[in-house]
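This report refers to the structure that appears directly beneath it.
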C-alpha cells in the first residue's frame with residue numbers, strides 16, 4: 001500500500017489486535033521484554049542433526065483455542081489458528097466477550113510458504129508405502145499450500161476473503177501490506193494477518209546441506225562473525241481494520257500501517273539495491289522522510305549475504321540518517337521463522353514505538369557492514385516511525401512503514 | 001484517482017495449444033483434449049486420463065533451471081506462458097523494469113519436488129535430502145523465475161487460494177496498477193499433474209470415470225489438465241499512448257470465502273454470489289450489462305449446482321439471457337492455472353466477439369434455464385465478461401473484463 005496516488009488507499013489502517021506464540025513468550029509484551037533482556041530460545045536439536053533451532057515444545061493447541069476439528073490439522077495450522085484467536089481476542093472481536101464478529105466482514109491473509117509441507121510429505125510417503133486406498137484421504141486437501149489459511153478462515157467463519165501469500169521470508173510484511181490494501185478497498189471490515197512456521201525436518205536438512213546453518217551456539221546476526229542461520233518455530237497474528245471502524249467501536253489502535261512496498265532482485269548481487277528501492281517507495285508512500293524513522297527492524301538472519309544486503313539497503317535508503325537510526329533484528333533471539341518473521345517484526349515494532357524502547361540485537365559485537373547504529377543494548381527511541389525490511393531467498397524484497405500516529 | 005487497467009498480452013500453454021489462434025479455434029470447435037495419459041503415473045492407479053500439454057521445443061525449460069525437467073514441469077509451463085504473454089504484449093523495454101512485477105498463482109506448484117524427494121528418501125534414506133530442495137520446493141520460485149526471465153524488479157509474489165489462485169493473483173495485480181504502485185504486471189497461474197490431486201480426488205470419488213461433463217445431468221466429477229495462463233496488465237492510458245493492442249479492460253474483481261468446509265463448496269453457491277455482487281459493486285457493472293460468464297464448471301455435482309444456483313440468485317430471470325460455459329470440458333481442470341487461462345479466454349471472447357462452448361453436453365442441467373453454449377462456440381455480442389473461479393477451502397474470485405471502445 002504505497003498510498004500516494006490512490007484515493008481509496010489513503011484510508012488509514014490500524015492494528016487493533018496482536019498475538020505471538022514463541023518459546024520465549026506467548027504474548028507480545030512478554031516477548032518484547034524477553035528480547036530486551038537478550039533472552040534466546042535457540043538450542044541444539046538432536047533430531048535436526050544437532051543444529052540450533054528454536055522449538056516451541058510447550059505448545060498445546062488446547063490451551064489457546066477450542067476449535068472443532070483441530071486435531072486433524074498439522075502443527076503449523078494449529079499454531080496459526082491459535083494465534084488468530086488470541087489476536088481477535090486482543091482486538092475485542094467476538095471471541096471472549098468482545099463485540100459480535102460478523103464473518104461476512106472478516107478476511108484472512110495468511111503468510112505461509114511451507115505451512116502445509118509436513119502434511120504433504122506425510123501424504124506422499126503414505127502413498128508410496130501404503131498405497132492409495134490405505135492413505136488417509138483427509139490429508140489430501142490439507143496438503144495444499146492454501147490449506148493452513150483455509151483452515152484458519154474456517155475456524156473463525158471468515159467469509160470476506162482468505163488469501164495465502166507464499167513468498168518465503170518476505171511473506172510476513174507482504175501479507176500485512178496485502179491485508180491493508182484489501183481493507184482500504186472496502187473488501188472487509190477486519191482482517192487477520194496470520195503466519196505460523198514449524199520445523200520440518202526435510203527443510204532443515206536441506207538448509208544444512210546448503211551450508212545455510214550456523215554451527216551450534218554461533219548464530220550472529222548483522223555481525224562480522226555471522227556464518228549462518230538457525231530456524232525457529234513461531235506464530236503471530238495481527239488484526240487490521242480501518243481507523244474509522246476502530247474509532248467507532250472505541251478501540252484504541254496499537255498503531256498505523258502507513259505504507260508497504262515490494263520489489264524484486266533474483267540476483268543476490270542486486271538484492272541490496274532492490275530492497276533500498278522498496279524502502280524508498282514505502283517511505284515515499286507514507287510521506288515519511290528518512291530522518292523521521294525512529295527505528296529500523298531488519299529480517300537479517302545470520303546468513304552473511306542476507307545480512308549484508310539488508311545493511312547496505314538501509315544505508316542507501318536512510319542516507320544521512322543511517323548512522324543515528326537505531327537498528328534491531330530479532331532472529332538472533334528466536335531464530336528465522338521465515339514467513340512469520342515479518343509479522344513478529346511488526347508486532348515488536350509497534351510495542352517498541354509505544355514504549356519508546358527498542359530491543360537489541362542478540363550477542364551483537366562487531367558489525368559486518370559499518371555505518372549503521374546497531375543496537376547491542378536496549379535504546380530509547382525518539383518519536384517517529386518504524387521502517388521494517390525483509391527479503392526472501394528467491395529475491396522478493398519488502399518494506400513496511402509503521403507509526404503510532406497518522407499524519 | 002484509480003487508474004484503469006488494460007490487458008495487452010495473453011499467453012497460454014494448454015492441451016489445446018500454445019498459439020492463441022489455434023487455441024481459440026480448438027475451443028470454438030468444441031474439441032476435447034482429455035485423453036489417456038502417457039508419462040504420468042500415480043501409485044496404484046491405472047488408465048489415468050487428462051489433458052496433457054505438448055510443449056513446442058522453443059518453450060522447453062531453459063538449461064540450468066533444474067536438473068530434472070520432469071520434476072520442474074510446473075516451472076516449465078509457467079515460464080513458457082509468461083514468455084508468450086510478454087512477447088504478445090510487446091512490452092519489453094517499454095517500462096522501467098522496477099515498476100513492473102509478477103503476481104502468480106498455483107494450487108500445487110512444486111508438488112513434484114515433494115514426490116521426487118519422497119521417492120529418493122524411500123530408496124536412499126534421509127541423506128537423500130539435497131541442498132536445493134529448500135529452494136526448489138518453494139512455490140514462490142514460479143513468480144521469481146518469471147521475473148528473472150524478463151528482468152523485472154517490481155512487486156513479485158505468489159498467491160495460493162487453491163484452484164482460484166490464478167484469479168487471486170490477477171486481482172492483486174489489478175490493485176497494484178489501479179493504485180499506481182506498479183505500471184504493469186505479469187499475472188497468471190500454472191499447475192501440472194500431481195499424484196496428490198489424482199489420488200486425493202479418487203478417494204473423494206470426485207474424479208470423473210470418463211471425461212468430465214460440466215453442467216450435464218450425467219456429470220460425475222473432474223477431469224484434470226495441465227497448463228498455464230498469463231496476462232500482461234498495464235495502465236490503460238499508457239497502453240493506449242504506446243499504441244498497444246488492448247484485448248480488454250480488467251475493470252475489477254470480487255472476492256469471497258465460503259468458510260464452510262475444507263473441500264465442499266458452501267451451500268447454494270453463496271460464495272459465488274457474494275464474489276459476483278462485490279465485483280459488480282466495485283466495477284459499477286449492472287447485471288444487464290453482463291454478456292458472458294466463464295464458469296468454474298468443474299463437472300462435479302456440487303460445484304456445478306452451486307454455480308447454477310448463484311447465477312439464479314444474482315441474475316434472476318435475466319440469467320436466461322447470460323450465456324455461461326466451461327472450457328474445462330475441453331482442456332480439463334488445470335487447477336491454479338484454470339482461472340488464468342479462462343481470463344485469457346474472456347479476453348479472446350471480447351476480441352473475437354464470440355463465445356466458447358461447454359463441450360460434451362448431451363443432457364444439460366435444465367432446472368435453471370441457463371444457456372451453457374452447448375458443444376460449439378458461436379458469434380455473440382460480448383461487452384462484459386465475468387470469469388468465476390473457486391478453490392478448495394472456499395476461495396472464490398470473480399474477474400470483470402470489459403470491451404474497450
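The values are calculated or read from the model by the stated rules, or taken from the named source; none is laboratory data. Computed from a predicted structure; not experimentally measured. All Cβ positions, glycine included, derive from the backbone under ideal geometry; neighbour counts span all protein chains shown.
Points worth noting:
- Search result, residues across the stretch B:382-393 that are touching a helix residue (DSSP H, G or I) at 6+ places or on another chain (Cβ under 6 Å), farther than 15 Å from residue B:325 by Cβ and within 14 Å of another protein chain (Cβ to nearest Cβ): B:392, B:393
- The combined condition, being at pLDDT 95 or above, within 29 Å of residue B:262 (Cα to Cα) and part of a strand (DSSP E or B), is fulfilled by residue B:389.
- Residue satisfying all of: in the stretch B:245-282; assigned to a loop (DSSP other than H, G, I, E, B) and more than 12 Å from chain A (Cβ to nearest Cβ); farthest from residue A:67 (Cα to Cα) among these: B:245
- Unmet criterion (only one of (1) buried (at least 17 other Cβ atoms within 10 Å of the Cβ); (2) modelled with pLDDT of 95 or more; (3) more than 14 Å from chain A (Cβ to nearest Cβ)) for residue B:78: (3)
To keep it simple, each residue is scored yes or no on (1) assigned to a helix (DSSP H, G or I); (2) within 12 Å of chain B (Cβ to nearest Cβ); (3) surrounded by fewer than 24 Cβ atoms within 10 Å (Cβ to Cβ); (4) on the phi < 0 side of the Ramachandran plot.
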position: A:163; (1), (2), (3), (4): no, yes, no, yes
position: A:171; (1), (2), (3), (4): yes, yes, no, yes
position: A:174; (1), (2), (3), (4): yes, yes, no, yes
position: A:181; (1), (2), (3), (4): yes, yes, no, yes
position: A:206; (1), (2), (3), (4): yes, yes, yes, yes
position: A:215; (1), (2), (3), (4): no, no, yes, yes
position: A:239; (1), (2), (3), (4): no, no, no, yes
position: A:258; (1), (2), (3), (4): no, no, no, yes
position: A:261; (1), (2), (3), (4): no, yes, no, yes
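- Test set (1) in contact with a helix residue (DSSP H, G or I) (Cβ under 8 Å, 6 or more places away or on another chain); (2) touching a residue at least 60 places away in the same chain (Cβ under 8 Å) - residue B:206 fails condition number: (1)
- Residues within the stretch A:70-129 that are in contact (Cβ under 8 Å) with a residue 40 or more places away in the chain and assigned to a loop (DSSP other than H, G, I, E, B), tallied: 11
- Considering A:87, A:99, the condition of being surrounded by 19 or more Cβ atoms within 10 Å (Cβ to Cβ) and more than 10 Å from chain B (Cβ to nearest Cβ) is satisfied by A:87 alone.
- In the set (1) within 13 Å of chain A (Cβ to nearest Cβ); (2) in a helix (DSSP H, G or I); (3) buried (at least 19 other Cβ atoms within 10 Å of the Cβ), the condition left unmet by residue B:123 is number (3).
- Scan the stretch B:162-184 for residues that are more than 16 Å from the chain's Cα centre (by Cα) and assigned to a strand (DSSP E or B) and the total you get is 1.
- Filtered by the rule that a residue be assigned to a helix (DSSP H, G or I), within 7 Å of chain A (Cβ to nearest Cβ) and either over 20 Å from residue B:169 (Cβ atoms) or in contact (Cβ under 8 Å) with a residue 40 or more places away in the chain (or both), the stretch B:126-143 gives B:126, B:133, B:134, B:135, B:141.
- Residue B:98, sole failed condition from (1) in a helix (DSSP H, G or I); (2) surrounded by 24 or more Cβ atoms within 10 Å (Cβ to Cβ); (3) at the interface with chain A (Cβ under 9 Å from one of its Cβ atoms): (2)
- Number of positions in the stretch B:1-49 that are assigned to a strand (DSSP E or B), crowded, with 16+ Cβ neighbours inside 10 Å, in contact with a strand residue (DSSP E or B) (Cβ under 9 Å, 6 or more places away or on another chain) and more than 14 Å from chain A (Cβ to nearest Cβ): 10
- Filtering the stretch A:122-131 to residues that are surrounded by fewer than 21 Cβ atoms within 10 Å (Cβ to Cβ), within 9 Å of chain B (Cβ to nearest Cβ) and within 18 Å of residue B:129 (Cβ to Cβ) leaves A:125, A:128, A:129.
- Flag for residue B:104 being more than 9 Å from chain A (Cβ to nearest Cβ) and either surrounded by 24 or more Cβ atoms within 10 Å (Cβ to Cβ) or outside any loop (DSSP other than H, G, I, E, B) (or both): yes
- Verdict on residue B:86 being farther than 23 Å from residue B:212 by Cα and in contact with a strand residue (DSSP E or B) (Cβ under 7 Å, 6 or more places away or on another chain): yes
- Residue match in the stretch A:133-148 (condition: more than 9 Å from every other protein chain (Cβ to nearest Cβ) and buried (at least 24 other Cβ atoms within 10 Å of the Cβ)): yes
- Residue B:239 being within 21 Å of the chain's Cα centre (by Cα), surrounded by 24 or more Cβ atoms within 10 Å (Cβ to Cβ) and more than 14 Å from chain A (Cβ to nearest Cβ): no
- Condition met for residue A:196 (crowded, with 24+ Cβ neighbours inside 10 Å and out of contact with any helix residue (DSSP H, G or I) (no Cβ under 6 Å at 6 or more places or on another chain)): no
- Residue count, the stretch B:1-50 (criterion: under 30 Å from residue A:11 (Cβ atoms) and in contact with a helix residue (DSSP H, G or I) (Cβ under 7 Å, 6 or more places away or on another chain)): 7
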